[in-house]
1. Which of the following residues is at positive phi, modelled with pLDDT of 90 or more and not acidic (Asp, Glu): SER235, SER212, SER197, SER219?
2. Step by step: first the residues of the range 328-343, then only those that are open to solvent by 10 Å² or more (accessible area, probe 1.4 Å) and touching a residue at least 40 places away in the same chain (Cβ under 8 Å), then the one that is nearest to MET160 (Cα to Cα). Which residue is that?
3. Looking at (1) within 20 Å of GLY29 (Cα to Cα); (2) not in a helix (DSSP H, G or I), can you tell me which one GLN131 breaks?
4. Please enumerate the residues belonging to the range 269-294 that are within 16 Å of the ligand (Cβ to nearest atom) and open to solvent by 10 Å² or more (accessible area, probe 1.4 Å).
5. Among the residues of the range 378-391, write down those that are under 17 Å from TYR451 (Cα atoms), at pLDDT 90 or above and open to solvent by 30 Å² or more (accessible area, probe 1.4 Å).
6. Exactly one of (1) among the charged types (D, E, K, R); (2) touching a Gly at 6+ places or on another chain (Cβ under 9 Å); (3) surrounded by fewer than 24 Cβ atoms within 10 Å (Cβ to Cβ) is unmet by ASP265. Its number?
7. The conditions are (1) at pLDDT 95 or above; (2) open to solvent by 10 Å² or more (accessible area, probe 1.4 Å); (3) over 30 Å from SER75 (Cβ atoms), and LEU106 fails exactly one of them. Which is it?
Amino acid sequence: MSSEVKSFPAWHSRWTFILAATGSAVGLGNIWKFPYIAGENGGGAFVLVYLACILLLGIPVMVAEVMLGRSGRQSPINAMRSLTSAAGLHGFWNGIGWLGVVAGLLILSYYSVIAGWALAYIPEIATGRLQGESVQGVQELFNGLLQNPRRLVFWHSVFMLMTVGVVTVGVTRGLGVAVRVLMPLLFVLLVILLIFSYRQGDFARGFYFLFSPNFSALSLRGVLEALGHSFFTLSLGMGAIMAYGAYMPADASIGKTVLVVGFFDTLVALMAGMAIFPIVFAHGGIDPAAGPELLFISLPVAFGAMPGGILIGGLFFILVTIAAWSSAISLIEPGVAWLIETRGFNRFTANLLLGGMAWVLGLGTVLSFNEWDQYKFAGMTFFEGVDFLTSRIMLPLTGLFIAVFVGWILAPAVSKKELNGGHSRAWSFWYWVLRYICPPAITVVLVVGLYDSFV
Ligand code: TRP
């Protein structure tokens, strides 16, 4: 090991990286966002395109990001800076790091508000308020929450403090334990929910909805949404995974590790979808295209109807909060690491500054669901606008930059060395996809999807 590597604390094993990366990847994107955008886009065809995006674009870009992080061993912005200047390149490429930090803050701003909804549900369920509630009853309760900006701001603040708190302690120490114990528990709860859905819900219809492709329901805008979400759900395009890659032991296989993370992430999303839609179809009053409220209406109805629902439902929203927590940490960490490395901030102030900015921006999302719901720009509320700007523009754009940078600009020797690709076919295949599939595919989907969104 070189001295440069030694001076940077590497995690002890590949599994620590897998857990941290899964902790980042598995979050609201899988449990809240995937089901509702699949619902809005008519189900099956969207899911198929999403899976294709994960395999052909998400996984190769993720390998590239982890690789960049590990060979740079610094915060993402500085890693990019040293790699680009070592390659004698223009400072333009450092922009990737910048775009990432800004995207992270913007995403965190609404992420925290939605995680706040999950927090607010914990006491509601634990006190039995939702037991035996009808769809209408749950809907009323949810609307009551949305119409109350103070309550929303309160839970948003609690979540932001949780995030800033853990990041202040430091990532290597702060993260591991929670993720190791709680992620498997979340998985078990999803299995329980699936069994409930199978027995009490309209499982066949839910399955058909999610997996039988009906391409007439999918617009070009929807294809861009699938692409953007495949980056979002894998935590790509903003340096989060790059930052974690910096802690990865030098001898671990990046390719295999990334495949494991991608597999778990996709599995959790599909399980959440299969838990939710059978319940949606078994109850007349829930619209599969309901949007962001889908999770918060459908599952509580199920918890209210199942034996032990208070316990299982309460635990479920606790675990959703924790999954969101370990993701939120990775949204803020790249920016924090950069402020510390280059601006001489200490961890505490860096966190406070970035967390504070995200908190203020989050107020816009809070108000999008009540007082500002009439104010729209290009047909979008503030929340929808921030989501659009990040998921559908910034993440694909940084993904594109990374593919072009690693595929066309960085000397192949660098990735060959990091990925042990001396004679390997896997490396050649990955490199080929990154060069010839990712850039054109992302560009086309981005351009056509944006055109379809606005024209
Ligand atoms: N992947 C997380 C989720 O699905 C969200 C997330 C965490 C993220 N870190 C990120 C998204 C970095 C984009 C970039 O909930």
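1. SER235
2. Once the filter is applied, the top-ranked residue is LEU331.
3. Unmet for GLN131, out of (1) within 20 Å of GLY29 (Cα to Cα); (2) not in a helix (DSSP H, G or I): (1).
4. LEU270, MET271, PRO292
5. Once the filter is applied, which keeps residues that are under 17 Å from TYR451 (Cα atoms), at pLDDT 90 or above and open to solvent by 30 Å² or more (accessible area, probe 1.4 Å), the range 378-391 yields GLY379, MET380, LEU389.
6. ASP265 satisfies all of (1) among the charged types (D, E, K, R); (2) touching a Gly at 6+ places or on another chain (Cβ under 9 Å); (3) surrounded by fewer than 24 Cβ atoms within 10 Å (Cβ to Cβ) except (3).
7. Checking LEU106 against (1) at pLDDT 95 or above; (2) open to solvent by 10 Å² or more (accessible area, probe 1.4 Å); (3) over 30 Å from SER75 (Cβ atoms), the one that fails is (3).
Yes or no, residue by residue, for (1) in a helix (DSSP H, G or I); (2) near the ligand (Cβ under 10 Å from one of its atoms); (3) open to solvent by less than 10 Å² (accessible area, probe 1.4 Å); (4) in contact with a Lys or Arg (Cβ under 6 Å, 6 or more places away or on another chain):
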{"residue": "ILE18", "(1), (2), (3), (4)": "yes, no, yes, no"}
{"residue": "SER24", "(1), (2), (3), (4)": "yes, yes, yes, no"}
{"residue": "ILE31", "(1), (2), (3), (4)": "yes, yes, yes, no"}
{"residue": "ALA38", "(1), (2), (3), (4)": "yes, no, yes, no"}
{"residue": "ALA45", "(1), (2), (3), (4)": "yes, no, yes, no"}
{"residue": "LEU48", "(1), (2), (3), (4)": "yes, no, no, no"}
{"residue": "CYS53", "(1), (2), (3), (4)": "yes, no, no, no"}
{"residue": "GLY58", "(1), (2), (3), (4)": "yes, no, yes, no"}
{"residue": "MET62", "(1), (2), (3), (4)": "yes, no, yes, no"}
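The values are calculated or read from the model by the stated rules, or taken from the named source; none is laboratory data. These numbers were taken from a predicted model, which means no experiment stands behind them. Reconstructed Cβ throughout: ideal geometry from the backbone, glycine too, with neighbour counts over all protein chains shown. Keep in mind that these areas ignore ligands, DNA and RNA; they rest on the heavy atoms of the full protein, side chains included. Shrake-Rupley method; radii C 1.70, N 1.55, O 1.52, S 1.80 Å.
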